[in-house]
Amino acid sequence: MNLNGKIAVITGGTRGIGYAVAQKLVECGAKLALIAAHGGERAEEAVKNLTDIGAEARLYVCNIANPAEVSETAEKILADFGGVDILVNNAGITRDNLLPALTTDDISEVIDVDLKGAIYVTKAFIRTFVKRKGGSIINISSVVGMMGNKGQTNYAAAKAGIIGFTKSVAKEYGRRNIRCNAIAPGYIATDMTSVLGAEVTEELTKQLPLGRLGKPEDVAELALFLAGDASAYITGEVIKVDGGMYV
Ligand code: NAD
């Protein structure tokens, strides 16, 4: 896959799935603007690891739930890179609990980051895609947005929303050669899932047809495919990377 000269924006690109996507895109020649909620040592180290292998990668600290911050950050990225060809809306959070125990903050924060954040970021960059006459937008949803999950009503609603958003962007911008697809990961070993503990992880793994948790790289392989020309005739799709979790 040749992404030489392509500019990619990845939200939540400094760790977990977002970082694995960053590594894949860089290996194929893309330049990266990574958006993270926080700066700090870990985020800077992630960017350093990418620049050490010769990539052009810059970090932008921005809370994607804040539309003013998103506009400001998009302006900075466009000034630094001159445009965007690939957008990966990956940043996300969970605030899990059974419905009666969810606080209004648990509900708002998840919808604000996981759903509204992706909409704000896409809105901030869509005109640059139109100007460049094409590009690929990849939204990270979740199988939970397709099948639902006990204890994740807020998160499942946000991730299902991402699917509707993806299909609508695909329809609104297909004629402009801008594709928009969603990836629905299953259970991937990252910071997000490490909080679940060994017992829950073991139980979940037993139920997976492929018998193992996913790795961030499993998701990144599909993101790379969707980013490049190999997927030129695919838009509005939701593709699971879940080891058979939701068959
Ligand atoms: P992670 O917690 O390791 O990484 C999340 C990233 O999002 C971090 O880089 C963080 O800085 C960023 N982020 C969070 N809130 C933000 C905000 N307000 N503004 C900007 N950035 C913010 O999680 P992960 O497992 O790598 O998850 C990545 C995506 O994949 C998420 O959307 C998640 O919902 C989705 N997903 C994960 C799994 C899984 O099993 N890990 C399964 C399905 C879907």
Which listed pairs, of 48/116; 24/167; 159/206; 24/131; 48/206, have C-alpha distances above 32 Å, in listed order
48/206
List the aspartates and glutamates whose Cα lies under 16 Å from the Cα of residue 171, skipping any in the same chain that are fewer than 8 positions away.
237
Total formal charge among the other residues, if their Cβ is under 11 angstrom from that of residue 154, Lys/Arg +1 and Asp/Glu -1:
-4
Please report, largest first and rounded to whole Å, the three semi-axes of the ellipsoid equivalent to the chain, where each semi-axis is the square root of five times an eigenvalue of the C-alpha gyration tensor.
27, 19, 19
Work out the FRET efficiency for residue 230 and residue 131 from their Cβ-Cβ distance, taking R0 = 25 Å, and round it to the nearest 0.05.
0.55
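Bear in mind these aren't lab numbers, they're just calculated from the coordinates by the rules spelled out. Note that this is a predicted model, so its numbers are computed, not measured. We place every Cβ from the backbone using ideal geometry, glycine too, and count neighbours over all the protein chains shown.
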